[in-house]
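S.K.: Mind looking over this structure? Questions follow.
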């Protein structure tokens, strides 16, 4: 498990855009209703990082932008517009 993925990755992981991420659009009760579940739980971000640090021993070396929205580099503001697609970003950077 992980914290809810609420933000796209602009660092090279091929994943959904904002409009495709259910946790970006809905809170837990709404997601439960949408998927027909009785309950839904996520790990907290601090809990996930603590478990990784205890297991692997690394500190402050993980990108958590897809969970927190805090990116390790400045992302141009226009990329955060709902109408933009991640492919546009990839085309700009040539990846």
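The values are calculated or read from the model by the stated rules, or taken from the named source; none is laboratory data. Note that the structure is predicted; figures quoted are calculated from it, not measured. Note that each Cβ is placed from the backbone with ideal geometry, even for glycine, and that neighbours are counted across all protein chains shown.
S.K.: If you check every pair at least six apart or on different chains, which have Cβ atoms under 7 Å apart with a residue in the range 1-25 that is closer than 18 Å to residue 76 by Cα first and a residue that is in a helix (DSSP H, G or I) and modelled with pLDDT under 90 second?
M.R.: That search, which allows pairs on different chains as well, returns 8/18; 8/86; 10/79; 10/89; 17/86.
S.K.: Pull up the range 56-72, narrow it to residues that are more than 19 Å from residue 5 (Cβ to Cβ) and part of a loop (DSSP other than H, G, I, E, B), then point me to the one that is modelled with the lowest pLDDT.
M.R.: Looking at residues that are more than 19 Å from residue 5 (Cβ to Cβ) and part of a loop (DSSP other than H, G, I, E, B), I get 59.
S.K.: Would you check which residues across the range 7-23 are within 10 Å of the chain's Cα centre (by Cα) and in a helix (DSSP H, G or I) and list them?
M.R.: Passing the criteria: 18, 23.
S.K.: Go through the range 34-48 and give me each residue that's surrounded by 10 or more Cβ atoms within 10 Å (Cβ to Cβ), without any contact (Cβ under 8 Å) to a residue 40 or more places away in the chain and part of a loop (DSSP other than H, G, I, E, B).
M.R.: 37, 40
S.K.: If we keep just the residues of the range 73-95 that are modelled with pLDDT of 60 or more and part of a helix (DSSP H, G or I), which is surrounded by the most Cβ atoms within 10 Å (Cβ to Cβ)?
M.R.: Checking each candidate, the answer is 79.
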